[in-house]
Structures are given as structure tokens and as C-alpha cells.
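One structure below.
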Amino acid sequence: MSISAITAYSMPQVNVENRADWTPEPGRSVLLIHDMQYYFLEKYDMQAEPVPTLIRHIHQLRKLCHAQGIPVIYTAQPTAQPPHDRALLTDFWGPA
């Protein structure tokens, strides 16, 4: 099974109110950039929204984190994984 193509859509332009009553501390923070591999992005039209805005926002966040000394971590899904490492992914997406 693979991921189906995803129809282009506009990135929401609404500011979301912060629900947490705390201020992030750079020394105790990390930015996780998740599922931005080409395998996932190619399901979208890379030239159409929301991809350009999403990439621009991630770039801005990454730049801000670097300036604040906040580590940036990226996830990556290996192309081939043994079944015991793949675990629940196999149930949802089949073998790698």
C-alpha cells in the first residue's frame, strides 16, 4: 500500500491561540521536523499550496531555532527495514 496523491489546498491563514500557559525555554527545547522526506512531499504538487508555504514556515522556524541554540532534529524513514523494526508501520503501509 502507498500514500495516494493529495489534492492541493491553501495553507490556513488563521493564527492559532496558544492553549498552554508557558513560555518555551530554548535550553529545554528541540524542533522536530517530521515527514518532510521527498517520499511524502511528492504526494502533493510540489509547486502548489500548501507545500511552498509549509517549506517556508519550516525554514523560518529552523532559522529561529538555530539562532536561539535550539537543536533541530529530523525524522527519516529508511527505505528498507527489517520487520521487527518496522512494527506497526507494516500493519498500516505494508512491507517497506
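The values are calculated or read from the model by the stated rules, or taken from the named source; none is laboratory data. Predicted model only: the values in this text are computed from it and were never measured. Every residue, glycine as well, gets a Cβ built from its backbone with ideal geometry; the counts of neighbours run over all protein chains shown.
The set of residues in segment 48-78 that are free of Cβ contacts under 8 Å to residues at least 40 places away in the same chain and either of a type in the set (D, E) or touching a helix residue (DSSP H, G or I) at 6+ places or on another chain (Cβ under 7 Å) (or both) contains only V51.
Selection of segment 72-96 for residues being hydrophobic (A, V, I, L, M, F, W, C) and more than 17 Å from D35 (Cα to Cα) yields only A87.
Is it the case that segment 15-32 has a residue that's surrounded by 10 or more Cβ atoms within 10 Å (Cβ to Cβ) and outside any loop (DSSP other than H, G, I, E, B)? Yes: segment 15-32 contains one or more residues that are surrounded by 10 or more Cβ atoms within 10 Å (Cβ to Cβ) and outside any loop (DSSP other than H, G, I, E, B).
Once segment 53-88 is narrowed to residues that are surrounded by 10 or more Cβ atoms within 10 Å (Cβ to Cβ), among the β-branched types (V, I, T) and in a loop (DSSP other than H, G, I, E, B), the residue that is modelled with the highest pLDDT is I70. Screening segment 19-47 for residues that are acidic (D, E) and without any contact (Cβ under 8 Å) to a residue 40 or more places away in the chain and picking the one that is nearest to A76 (Cα to Cα) gives E42. Just one residue in the set L41, L32 is within 11 Å of the chain's Cα centre (by Cα) and modelled with pLDDT under 95; that residue is L41.
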